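Bear in mind that the values in this text are calculations on the coordinates, not laboratory data. Remember, it's a predicted structure, so these values are computed and weren't measured experimentally. Because the Cβ atoms are built from the backbone with ideal geometry, glycine has one as well, and the counts that use them run over all protein chains shown.
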Amino acid sequence: MSKSPHDRFDDIPRTSGRVGAHRAEQPGINGPIALLWSAAVALVLIVIGIFVSMVLMGRIDLFGTAEPAAPQTPGVLAEIDTSYQVLILNATPETGVVAQVRQKLIDQGWAADAVFGSDGSTTKFDQTTVFYVKKADESAALGVAEVLGGAKTEQSDHYQSVSGDGSPQLTVVIGMDHVGTTSPAPGSGEKTPAG
C-alpha cells in the first residue's frame, strides 16, 4: 500500500475528545412550556387586534365625548316672574332685535317700563343667554329663557342690576342664533325702544 503524501494537516497534534459542533438540547426549554408561551403571546396579540379594530370602527371611544350641557339645573323649574326687570343687549349686527325680544316679554306680562335694552358692546355672541346674579334668580331666568324659545341660562355677576331701586334684574344677551328667527315687530327699526 502506498503512503499518502505529507500535507499541512499531518502536523496538527491529535487530541482526545470530540471535535466539531455538537448542539445539545437546552435543559430549561421543553415542548409543553414553549407551546404555553406561544399560546399566551397569540392570545395577547388577538386581544390587542380586536381592541384596535373596535377603536377604528368607532365602537370604543377612548377619550369620551362631552355630554351636552343641560339647559337647566335638575330640580329647578322655570317660572315666569314678571317682578324682575329685564335688560336686553343686542350682540348681533341686526337692528330691531331688541324691540322684538322686548315685545315677546311684554306679551307674557312684563310691564313696558320693566323691560329695556340697547345694542351690546360686541356683535360676536353665538348663543342667546339669560344671565342671572343669584342662585335664587335661576327659576326666573329659566322662565325668560322659555319665553325666548329655549335660550341658554348662566349665573354671572358681570351683569349686576343697573336699576337704582334694588329690583331684581335679569340680563338677556341676544346671540347670532336668534337672528332671523323672529318676525319684525312694529317699530323694529328702533335700536333702543322707549321705556
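Summary of computed values
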quantity	calculated
Difference of contour (0.36 nm per residue) and Cα-Cα distance, E94 to D113	4.5 nm
Under-5 Å amide H pairs with T92, H placed in peptide plane, nonlocal only	G120
Hz values of 3J(HN,Hα) by residue in the stretch 88-100 - Karplus curve (6.51, -1.76, 1.60), Gly and Pro given as x	10, 10, 8, 10, 10, x, 7, 8, x, 5, 4, 4, 5
Interchain or long-range residues, amide H under 5 Å from W110's placed H	none
Note, ³J(HN,Hα) from phi for the stretch 108-113, Karplus 6.51, -1.76, 1.60, rounded to Hz, x at Gly and Pro	8, x, 6, 5, 4, 7
Interchain or long-range residues, amide H under 5 Å from G117's placed H	I88
Estimated vicinal HN-Hα couplings, Hz - the stretch 124-137 in sequence order (Karplus 6.51, -1.76, 1.60; Gly, Pro = x)	10, 10, 6, 10, 4, 9, 9, 9, 10, 8, 9, 4, 5, 8
Likely footprinting exposure, R102, R8, fewest C-beta neighbours within 10 Å first	R8, R102
Distance (nanometres) between label positions extended 7 Å along Cα→Cβ at L77 and L43	5.8 nm
